[in-house]
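Chemist: Got a structure for you, written out below as structure tokens; questions coming shortly.
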Amino acid sequence: MATLSASPSPNPNPNFRSPTDQTDHDPESLPHMELHPSSDQDLTPNSNSNFHAVLPTPPEAIAPAAAAAPSLLHISFNQDHGCFAAGIDHGFRIYNCDPFREIFRRDFDRGGGIGVVEMLFRCNILALVGGGPDPQYPPNKVMIWDDHQSRCIGELSFRSEVRSVRLRRDRIVVVLEQKIFVYNFADLKLLHQIETIANPKGLCAVSQGAGSLVLVCPGLQKGQVRVEHYASKRTKFIMAHDSRIVCFALSQDGQLLATASSKGTLVRIFNTVDGSLLQEVRRGADRAEIYSLAFSSNAQWLAVSSDKGTVHVFSLKIHGGSPGIDRSQSASDPVTSPHSSLSFIKGVLPKYFSSEWSVAQFRLVEGSQYIVAFGHQKNTVVILGIDGSFYRCQFDPVNGGEMTQLEYHNFLKPEAAF
């Protein structure tokens, strides 16, 4: 699942205990968890769609009278890409993608910066981490927020800053700089911990299908990814690139993995079960920073966003997979991705000339950060920018080429509020 977060800022609030101030735990001890005393219910997510209701604003969340657009600290899609969350300098907001609209917001008047907002599909439970120059919560804590009660009902504390959080209906995954912790959602029991290479971006992906959990994270070597298959209790290491891994994505069933390195020229697709390389596609010839990768729901397409200001859509030639997922191509689907016109001499010239190129593209502002996902309408992508931009575009699966822009919004503008 794609996320964008602004660079973490030092925590100036003296009321927050920094990780190094916690003297009551051994440095190598497990993270501390506590449920708030007033909460005696379990933490099993409630799938009730009342999550969409705008609830009374609690006393600790009074909206500031700020007319200016807020500062965006974090954006991320939910698991099915039907919603997205924005962490801002004084709270967080939740939006629906199709149709585009703000679902609700929480504005805090004491500090209030939220650096991570992780949704769980459309249910009432969210995971929050403080961020920005004036965080609402310590950046080394994951707060479990119940929006039915409009308050935090639990927390997970760590000795270093939380880089990211991933949620499934049965698991909470917390990513630190060099460790990952996996918890049972119902009781917050620690089930597994993993050591990784330095991971400042908090890279981690988890499968969201009904089957068993598949988790992907950086390995202990540059260019290596680690795949955990929890059903079979198997760990697979894949040397995906020679350079540092900067982005990856899982298909919903956890069987396919797309990876990109710091070079940003090639994207590779692997089988997570045996680690085999299934396909390689080329974003471009020059170096780029890849911001997000996303599979379509049927794993027929792969979208890529980068700092070059172009979103690419690639056709995947991967067949098979878990039952119920049809990756077969219909008459309206492309048979092949574009190749270089010089591919006939690929045995003589560098591999560049036989590369698979994107089927469709959409041009954005170069240098800005964007994340991308496939929309619920056929052949559409949704693009979110750290500048508050929302684009919905449509691509032609047969002829490819430039995508058509269907919609644009700035979701940070005050007048966009409901």
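Chemist: If you average 1/r across every pair of different Cα atoms in the range 205-318 and take the reciprocal, what Kirkwood value do you get, in Å? Please list the in-between numbers first.
Modeler: Numbers: mean 1/r = 0.0715 Å⁻¹.
Computed over Cα pairs of the range 205-318, the Kirkwood hydrodynamic radius comes out at 14.0 Å.
Chemist: Tell me which lysines have Cα within less than 21 Å of K263's Cα, excluding those fewer than 8 residues away on the same chain?
Modeler: Here the lysines satisfying the reach criterion relative to K263 are K201, K222, K308, K351.
Chemist: Where does each of 372-380, 287-295 land if you order them by average Cβ count within 10 Å, highest first? Write down the numbers at each step before the final one.
Modeler: Details: 372-380: 19.3, 287-295: 22.0.
Ranked by mean Cβ neighbours within 10 Å, highest first: 287-295, 372-380.
Chemist: At what distance in nm do the modelled label points of K378 and A285 sit from each other, each positioned 7 Å from its Cα along Cα→Cβ?
Modeler: The answer from the label model is 3.7 nm.
Computed from the coordinates by the stated procedures, all read-outs in this text should not be read as laboratory data. Computed from a prediction, not measured in an experiment: that's the story for all the values here. Counting neighbours? That spans all protein chains shown, and the Cβs are built from the backbone with ideal geometry, glycine included.
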